[in-house]
1. Per DSSP H run of n ≥ 4, the term is -39500 (n - 2.57); total these for chain B, divide by its residue number, and report the mean residue ellipticity at 222 nm rounded to 500 deg cm²/dmol.
2. Once you sort the root eigenvalues of the Cα gyration tensor of the range B:177-282 as a ≥ b ≥ c, which label holds: rounded (a/c under 1.5), prolate (a/b larger than b/c) or oblate (the other case)?
3. Build a GNM of chain A with springs between Cα atoms under 10 Å: which of A:69, A:56, A:29 gets the top mean-square fluctuation?
4. Filter the DSSP H helices in chain A by two things, a Kyte-Doolittle mean of at least 0.5 and an axial alpha-carbon span of 30 angstrom or more, and list the hits by number.
5. What does the convex hull of the alpha-carbon atoms of the range A:15-122 project to on average, in nm²?
6. If the elastic network links every pair of Cα atoms under 10 Å, which of B:218, B:293, B:51 fluctuates the most in the Gaussian network model of chain B?
7. Normalising by the residue count of chain A, find the relative contact order in percent from Cα pairs under 8 Å and 6+ residues apart.
8. Could you work out, residue by residue across B:165-174, how many beta carbons of other chains sit within 10 Å of that residue's beta carbon, and then give the average as an integer?
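What follows draws every value from the coordinates through simple rules; no lab data is involved. These numbers come from a predicted model, not from an experiment. Glycine also receives a Cβ, built like all others from the backbone with ideal geometry; neighbour counts cover every protein chain displayed.
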Amino acid sequence: MSAARSNGVVPYFTRGVWVLVVLAALGLGSAMLRFIFGIGAVTNLDGQYPWGIWIGVDVATGVALAAGGFTSSFIAHIMHRERYHVITRPALLTAMLGYTFVALGVVIDLGRYYWIWHVLMPSMWQGNSALFEVGICVVTYLTVLYIEFIPILTERFRGRVHFPGAWAALNGFTESLLKFLDNTLGRAITFFIIAGVVLSCMHQSSLGTLMVLAPSKLHPLWHTPILPLLFLLSAFAVGLAMVIFESILASRSFKVPYETPILAQYARYIPIMLWIYVFAKVLDMVNRDSYMFLIDGSVESIFFIIEVVVGVFIPIMIFTSRRLRKHTGWLFSGAAAVVFGVVLNRINVFIIGYQPPYATQRYLPSIFEILVTVGFISLLILIYRFFVLNFPIIHELEKKKYA
Amino acid sequence: MAISRKSFLTSLGTLAGITSLTSKTSAQGYITSEQRKAHEKMLDPDRIGVLSDLTMCIGCRKCEFACGENNDLPHGQLHDYDDNTVFQNFRRPTDTQYTVVNRYPGMGINGTDLDVKVQCMHCEHPACVSACIVGALEKLPTGPVTYDASKCIGCRYCMVACPFQIPQYEYNNALTPKVMKCGLCFEQSVQKGELPACVSICPREVMVFGKRSELVELAHERIRTNPDRYVDHVYGEHEVGGTSWMYISNVPFSEIDLPQLDADCPAHLTETIQHGVFKGFSGPILLFGLLGLATKLYNKEEE
């Protein structure tokens, strides 16, 4: 790579980015308020609704939307579908940042966040808790994601290390460290890739087990012993869709050619996963006779129907059509529908469908809860943009950088 | 919304995936014989409980005072509790009150008022304990469900899990919030053999403290000898797998806002799923092996 990097081809700051900066600042400010004044002062959480959008959206939905990391690495690295390598790096970055922000979301929500390390202490391990399983898996998977990201760092910096001034003494050491990492990981990376898939399957499903523990509180449209299986299957589908969704968004933002032909091939997997998911879901509803709750006109029934129609049936129709798949616009619509469906599903399971026996009102998030959630998502996008502009992540953008 | 065992099994049988579960589910709900044995071993056969006979309660609320006093909660003076206007609102335990009494006018014996004291039920197989990520909540073999704030990280999954909506949280404490719930005064009731504060102060002997097994018999005996006085239901004998605190009453429990719950214990369902998939880490290791194999197989295909 001798070509000079022509930085500045794509500026970091645009009008949209400034909006995100403002939102991120508001979110961080609200998070500060939570740490100073407590959860009660800034949220609408109470004894009836102990979990709100910080758990339902930031954590549960965040984990689902970060599933693109393990689904793409499964297809590209384990099934060796080499043509999809162009989409694995953006997916890996999303997963890495996504899980980092899941962890941040947990910290914000925990009453005694400074004791989060208790989860790692064997003396306090509680193997019966699905939340414990989720916690341990997320921590381990986050580590694996950082390790999987190392090859991108070495590619970016190997042979290019030159610290300024007195720090230059570290040049040689850093170079050899990068070389060592590169060589070691080259052999071990398959282990970490497989570990990433296994860990993902474990905690994506255990996230569903969480609410199985509250059969009398979760609406029968969503409460089922196979909730972990449904969470896993929907994570597969949304992992695939999320990669398409963000690839198109990124190409548009950085004004590089769309990866439409590759994405169209990738999209073929989605209807398969959605069919399996909806098959399991329908069969389970018939088994439990819960379909009778579909037509009672309740808020829950409406949310359930929207979730399944928009999130499952519409994308199945779009992605099954060979003609529609070829169009970037349709690909984007279909992927966005799957993402919307899974987001709504997680919100339904953790918030809409949660019905405490002595509820006096419905839970609605406070303005600060919303600001934190929106602010964290904005901050995630800002960091994503920084990485993409400064590291070899998006293939077409790299071509543009070195053009 | 009962999940029958049949539908549970059918779901799983059809949807192969968590197949190991089916073989482990025995005839008694979700609980496996292994688990049942482990649990019986864990729980003391002489474990304690409380039987609350709602037909005896006059709503003096002295139990509320005694509870606050014994647990270092704000409790005021004993005569503050003579104030009957609190009965105008339906109340629930809060982060400063482990127990509250609600009044149901005219629903008692002979058209008197019916008063219902609520507090932690101390489940036999508590969902909160199963939920707790760090083991801060514990079911003592002797009966009480206790809380250790020094372990708690404040995730509030126990509150999500509790079918009785009992644990409350100190949301307004920014730095060291605690989960707040009745611990059955375990330091005195279990360790010193004294009565829990609420039982001790009660002037009407509404509550009987003793071995749970004997309380179940006592409850049924009272119902048997006074069939006109009581409905034939010992609330807590079987609900969510049984509770240490039990009620008998002259009206159906659904009319006094106690949740109608199955005898199936939710904690056993999730624990069966967790242990079915993760026992000896066999599930993850198997998946790892299969994926490793896939990496090799797909490699050959491509070449």
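1. -9500 deg cm²/dmol
2. It is oblate, given that a/c is not under 1.5 and a/b is not larger than b/c.
3. A:29
4. A:15-37, A:85-109, A:130-157, A:171-212, A:227-254, A:367-390
5. Mean projected area for the range A:15-122: 9.9 nm², to one decimal.
6. Top of the fluctuation ranking is B:293.
7. Relative contact order, chain A: 31 percent.
8. Whole-number average of other-chain Cβ neighbours for B:165-174 is 6.
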